[in-house]
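K.L.:
Let me give you the structure first, and then I'll get to my questions.
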Amino acid sequence: MNQIYNNDPYVEVGFFYEMANLLNGVKRKERFNVFPCYQVQCPNCGKSAARMGFFSRANTFAIQCPVNGCVLNKSKNRKGLTIHDLIKHYGGDEIFDRWCKETRRMNYRKTWYPIKNRRDGEKKTRNEKTFREKMDIKSTRLMINARAGKFS
């Protein structure tokens, strides 16, 4: 079953630091969109030139690799790998289970709504007015408005 994935950076930041440590990350001096930036070992090509940081357009953490021929290279119309996909493919079962538990709890709180106006028993039928009754009401309303001078 597909779940709606609402990314919240403050829930993801713990997993970001954990994946940066798992990929032998070195913290860079500069900050990238308020959050720190790490230079990590690319999980695909194995070179230590990849960067992990917060991407404000996607509102999530991601990894990009500048090495030519790497799948995570941003020059081939690919934007890198989001933290969700990084944990899913390279994080391991234990981290992915915790990730699913955290995001599912977050999504459940935001999308669950209780049942309102539950009816008991039989469905009540509405008494629909006939065409004649509707026209009588409309003509009465027009006469009242004309007498009140709302049309002049």
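K.L.:
Report, ordered by chain and residue number, the aspartates and glutamates lying within cross-link reach of Lys88, taken as a straight Cα distance under 12 Å and ignoring same-chain residues fewer than 8 apart.
P.N.:
By straight Cα distance, Lys88 reaches Asp97.
K.L.:
So for the pair Phe131, Tyr10, with labels modelled 7 Å out along Cα→Cβ, what separation do we get in nm?
P.N.:
The modelled label-to-label distance comes out at 6.0 nm.
K.L.:
Leaving out ligands, DNA and RNA but keeping every protein chain, what accessible area does Thr103 have, in Å² rounded to the nearest 10, with a 1.4 Å probe?
P.N.:
So the heavy atoms of Thr103 present about 10 Å² to solvent.
The values are calculated or read from the model by the stated rules, or taken from the named source; none is laboratory data. None of these values were measured; they are calculated from a predicted model. As a convention, Cβ positions derive from the backbone with ideal geometry for all residues, glycine included, and neighbour counts pool all protein chains shown. Quick note on the areas: whole protein, heavy atoms, side chains included, nothing else; ligands and nucleic acids left out. Shrake-Rupley method; radii C 1.70, N 1.55, O 1.52, S 1.80 Å.
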